[in-house]
Amino acid sequence: MGEQRAIAANLQTRRLVNRVMLTMAAISILVVVAPLILVLAWVTMQGLPALNLDFFTRLPGSPDDPHTGFANGIVGTLILLAISSLISVPVGIGAGIYLSEFGGSKFNTVLRFATDVLSGVPSISIGVFVYAWLVQPTRTFSAWAGGIALALIMIPLIIRSTEEMLRLVPQSIREAALALGAPVWRTVLRYALPVALPGVVTGILLAMARAAGETAPLLFTALGNNQWSTSLNEPVAALTLQVYFGAQSAYEIQKRQAWGGALVLVILVLVTSLLSRLAIRRVYAL
Amino acid sequence: MKISRLSDKAFIIVTRVLATMVLLATVGILIGTYKGASLSLNTFGLGFITGLNWDPVQEVFGALPFIYGTLVTSLIALLLSGLVGVGAAIFLAELAPSWLRTPLSFMVELLAAIPSIVYGIWGLFVFAPFLRQNVVPGLKAMLGWTGLFQGAFYGPSLLTASLILSLMVLPIVTAVSRDVLMSVPDSQREAMLGLGATRWETIRRAVLPYARSGIVGALILGLGRAVGETMAVTIVIGNRSEIVTNLLKPGNTMASVIANEFAEAATPLYQSALVEIALLLFVITLVVNIFARLLVWRAERGMQGTVRV
C-alpha cells in the first residue's frame with residue numbers, strides 16, 4: 001500500500017513538472033512574437049501622422065519647417081535598388097543555374113562555400129570594403145558604390161533561392177525536352193526556369209526587401225544627400241539613412257519623419273513577405 | 001549530360017563566369033579589407049587586439065574595448081535568446097496544433113525580416129525609456145551589489161544594446177531550433193511515451209538530447225548574427241570607447257565603432273585601424289558561421305532512422 005501511494009505521489013509531481021515546463025514553452029513563444037506586435041504598433045502609431053503628401057513629395061529642409069519630407073530618400077532607395085538588382089539578378093540567377101544544373105564538381109563545393117561566406121559577412125564590413133575599393137580611389141561617394149554594396153548582400157540570397165527552386169523542378173521535364181532534341185541552354189531557360197519562375201522571382205523580391213532595409217553598407221558608400229542627386233556619381237539619399245539621421249536629430253519634426261520612414265520600411269517588408277508566402281504556396285501546390 | 005553543341009558550351013561558360021564572379025567577390029572582400037588594414041596591422045601588430053586605448057588624437061589605437069563590447073552584448077543576447085528561443089521552438093515543434101503553428105512560424109519569419117534600423121529607433125525611443133522606468137530600478141535594487149547595475153541610467157547603454165540584440169537574435173534561434181526539433185524522428189517520441197513518460201519527460205530525455213548539436217548550431221548562428229549586427233546597436237549603445245563592467249553605462253561594439261567613426265576618420269592610420277576592426281569582424285563571423293553550419297548540417301543529416309539516446 002505504501003509503495004502504491006509513493007508511486008501516486010511521484011506521478012503527481014511528474015505531472016506538475018510537465019505542466020510547468022509546457023507552460024514555460026508557451027510563454028516563450030509569446031515572448032518571441034510579442035516584439036512583432038509591439039514594434040508594429042509603435043511604428044504605426046508614431047509613423048502614421050508623419051505620412052502626409054509632403055513626406056512623399058518634398059525634400060528635407062530646415063528642422064523647424066513642417067513642410068519637408070523624405071522624397072529624395074524614397075527615390076534614392078529606388079535608384080540604389082535598381083543598380084543593385086541590375087548587378088545581382090543576372091549574377092545570382094546565373095550562378096544559381098550553374099549550381100543546380102551543372103552540379104557535382106569540386107568547383108560547386110567551393111562556390112557553395114563562397115556563397116555561404118558572402119551571406120555571413122557583416123553588412124558593415126561590406127560597406128567598409130566598398131569604400132576602400134571604390135569610394136577612396138574615385139574620391140567620391142556615389143550611388144554606384146551604394147548599389148554595389150547592396151548587390152553584394154543580395155547575390156547570395158538570390159543564388160540560394162534560384163538553386164533551391166530549380167531543384168524542385170522535376171527532372172522529367174528536362175529529360176523530355178532533351179529527348180526531343182532541345183539544346184541544353186534551351187531546356188534550362190525555356191522549360192526548367194519558367195516552372196521555377198514564381199519561386200525565383202519571390203527570392204529576388206525578398207532580397208530586394210532585405211537590401212531596401214539595409215543601412216550599414218550605405219553609410220560610407222551612398223553617404224546620403226539632402227538634395228536630389230542628379231548623377232549616379234554623386235552621393236545619394238536613402239530611406240534608411242534618413243531614418244538613422246532623423247532618429248539622432250534633436251528636432252521633433254525630424255524624429256517624427258524618421259518614424260514615418262521606419263513605417264514605410266516595415267510596410268515594404270511585410271507586404272513582400274506576405275506576397276512571397278502566397279506565391280510560394282502556389283508553386284508548391286503545383 | 002553530354003555537351004556537344006557550341007551554343008551549350010557557351011551557355012555553360014556564361015553561367016560559369018557569373019558563378020566565378022561570386023567567388024572573386026568573396027575573395028576580393030577578404031583581400032581588399034586586408035589591404036586596407038595593412039597600415040594598422042604593420043603599425044600595431046598583435047598589440048591592436050590587446051590595446052586598451054583608443055585615442056584618435058594621439059593616434060594610438062587598441063581595439064580591446066570594442067572586442068569587449070561585442071563579446072558582452074553578444075553573450076548576454078545569446079544567453080537570453082537561447083533560453084527563450086529553444087522554449088519557443090519546443091512549443092512550435094512539439095506542442096502547437098498545426099492551425100497555430102503556421103501563423104506563429106510566419107510571425108517569427110516576419111520578425112527576422114524587420115530592418116535593423118527599425119529595431120534601433122524603437123529601442124531608442126520606446127524600449128530604453130521603458131527600461132528606465134520599469135526595469136532598471138528593480139535591477140539596481142536586486143542586483144546592484146554585483147556592480148553590474150550601478151549609477152545613473154540614461155537609456156543608451158550596454159544593457160539596452162544587449163536586450164535589443166536578444167530580441168533580434170530570437171527569431172533565428174527559434175526558427176532553426178524548430179527545424180532541428182522537427183527533424184527528430186517520431187520513433188524517439190513514441191518509444192518514450194510508450195514507456196509512460198509525460199510530454200515534458202519525452203522532450204527532455206528523448207527529443208532534446210537527440211537534437212543537441214543542432215540546437216547548439218542554432219545558437220551559434222544566432223551568435224554570428226549578434227556579432228555582426230550594426231545599426232540597432234549603434235543607436236542604443238551610447239558610443240563610449242572604454243571598458244566598463246557596469247552594464248548601465250554606454251559602451252561600443254566593433255560594428256558600432258565603425259558605423260560611428262569611419263566617416264570622421266581623417267588620417268590614414270585612423271581609417272586603417274577601423275578597417276582592421278572590419279577585418280576582425282569578418283573573420284570572427286566567418287569562423288562562427290562555418291562552425292554553426294557544420295553543426296546544423298550534421299544534426300539534420302544524422303537523423304535518418306537511427307535511434308540515439
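Coordinate-derived values only; no laboratory data. Since we're looking at a predicted model, the values are computed, not measured. Please note: Cβ atoms are built from the backbone with ideal geometry, for glycine as well, and neighbour counts cover all protein chains shown.
Taking 45 Å as R0, compute the FRET efficiency from the Cβ-Cβ separation of B:T50 and A:V20 and round it to 0.05.
Here the calculated transfer efficiency is 0.45.
For the stretch A:154-203, compute Rh as the Kirkwood radius over C-alpha pairs and then the Stokes-Einstein diffusion coefficient at 25 °C and 0.890 mPa s; write the answer in µm²/s, rounded to an integer.
Once the numbers are plugged in, D ends up at 220 µm²/s.
Pick out the long, greasy-scoring helices in chain B: whole DSSP H runs spanning 24 Å or more along their own axis by Cα, mean Kyte-Doolittle at least -0.5.
Once both thresholds are applied, what remains is B:6-44, B:64-90, B:158-182, B:208-228, B:268-301.
Based only on the alpha carbon positions, what is the Kirkwood hydrodynamic radius of the stretch B:164-235, in angstrom?
Numbers: mean 1/r = 0.0735 Å⁻¹.
So the Kirkwood estimate lands at 13.6 Å.
Treating each Cα of the stretch B:64-203 as an identical point scatterer and ignoring solvent, apply the Debye formula and state log10 I(q)/I(0) at q = 0.11, 0.18 Å⁻¹.
So the normalised log intensities work out to -0.56, -1.06.
Add +1 for every Lys or Arg and -1 for every Asp or Glu among the other residues with Cβ under 11 Å from the Cβ of B:V176, and state the total.
Summing Lys/Arg as +1 and Asp/Glu as -1 gives +1.
Please get the size of the charge dipole for the protein assembly as shown, origin at its Cα centre, with Cβ charges of +1 on Lys and Arg and -1 on Asp and Glu, quoted in debye to the nearest 20.
Approximately 1840 debye in magnitude.
Can you tell me the convex hull volume per residue for the protein assembly as shown, based on C-alpha atoms, in Å³ to the nearest whole number? Write out the running numbers ahead of the final one.
Numbers: hull volume 113.8 nm³, N = 595.
Output value, Cα hull per residue: 191 Å³.
Kindly provide the helix-only [θ] at 222 nm of the protein assembly as shown, computed as the sum of -39,500 (n - 2.57) over DSSP H runs of four or more divided by all residues, to the nearest 500 deg cm²/dmol?
Helices in the protein assembly as shown give a 222 nm mean residue ellipticity of -23500 deg cm²/dmol.
Which whole number gives the average count of other chain Cβ atoms within 10 Å of the Cβ atoms across peptide B:86-95? Mind showing how you got there, number by number?
Details: counts 2, 10, 9, 4, 7, 10, 4, 1, 2, 4.
Average per residue, whole number: 5.
In Å and whole numbers, how far do the C-alpha atoms of the stretch B:119-278 stretch along each principal axis, longest first?
68, 42, 27
Show which lysines lie in cross-link reach of B:K140 when reach means a straight Cα distance below 17 angstrom and same-chain residues fewer than eight apart are skipped.
Partners within reach: B:K249.
I want the local charge near A:R160. Using Cβ-Cβ distances under 13 Å, sum +1 for each Lys or Arg and -1 for each Asp or Glu among the other residues.
That sum, taken over residues with Cβ under 13 Å, equals +1.
Once the cut-off is 22 Å, how many percent of the Cα-Cα pairs in the stretch B:39-139 end up in the long-distance tail?
59
Counting only other chains, what is the mean number of Cβ atoms within 10 angstrom of the Cβ of each residue in peptide A:262-271? Walk me through the intermediate numbers first.
Working: counts 8, 1, 0, 5, 5, 0, 2, 5, 3, 0.
Whole-number average of other-chain Cβ neighbours for A:262-271 is 3.
Run through every distinct alpha carbon pair of the stretch B:133-209 and return the Kirkwood hydrodynamic radius in angstroms, one decimal place.
16.1
Divide, for the stretch A:1-151, the radius of gyration over alpha carbons by 2.2 N^0.38 Å, where N is the residue count.
Expressed relative to 2.2 N^0.38 Å, the Cα Rg reads 1.86.
Give the Rg (one decimal place) followed by the Dmax (whole number) of the stretch A:1-85, computed from C-alpha coordinates and expressed in Å.
Here Rg and the maximum Cα pair distance are 28.1, 86 Å.
At each listed q (0.13, 0.16, 0.20 Å⁻¹), what is the log10 of I(q)/I(0) that the Debye formula gives for the stretch A:144-266 modelled as equal alpha-carbon point scatterers?
-0.67, -0.83, -1.05
Quick one: net charge of A:R19's neighbours, Cβ under 15 Å, K/R +1, D/E -1?
Around A:R19, the charge tally is +2.
Mind grabbing the base-10 log of I(q)/I(0) for the stretch B:213-309 at q = 0.13, 0.22, 0.23, 0.25 Å⁻¹? Debye formula, identical points on the C-alpha positions, no solvent, two decimal places.
After summing over all Cα pairs, the log10 values are -0.60, -1.10, -1.14, -1.22.
Which semi-axes, in whole Å and largest first, does the equivalent ellipsoid of the stretch B:89-164 have when worked out from the alpha carbon gyration tensor as the square roots of 5 times its eigenvalues?
Listed largest to smallest, the semi-axes of the stretch B:89-164 are 33, 17, 9 Å.
Hydropathy at least 0.0 by Kyte-Doolittle, axial extent at least 30 angstrom from the Cα trace: which helices of chain A, defined as entire DSSP H runs, fit?
Qualifying helices: A:2-47, A:71-101, A:143-168, A:252-285.
Stokes-Einstein D for the stretch B:218-267 at 10 °C, 1.306 mPa s, Kirkwood Rh over Cα pairs, in µm²/s?
Numbers: Rh = 11.9 Å.
Result for D is 133 µm²/s.
Can you spot the aspartates and glutamates whose alpha carbon is less than 18 Å from A:K255's alpha carbon? Ignore those fewer than 8 places along the same chain.
Partners within reach: A:D54, A:D64, A:D65.
Quick check of the Kirkwood formula: for chain B, what is the inverse mean of 1/r over all pairs of different Cα atoms, in Å?
22.1
Determine the relative contact order of the stretch A:150-286: mean sequence separation of Cα pairs under 8 Å and six or more apart, normalised by residue count, in whole percent.
Relative contact order comes out at 24 percent.
Out of every Cα-Cα pair in the stretch A:41-80, what percent are more than 12 Å apart? The partial results should precede the final answer.
Values: 474 of 780 pairs.
Of the Cα pairs, 61 percent sit more than 12 Å apart.
From the convex hull of the Cα coordinates of chain A, what is the mean projected area in square nanometres?
It is 24.6 nm².
Taking +1 at the Cβ of each Lys and Arg and -1 at the Cβ of each Asp and Glu, which of B:M142, B:L219, B:A25 sits farthest along the dipole of chain B towards its positive end, judged by Cα position relative to the Cα centre?
B:L219
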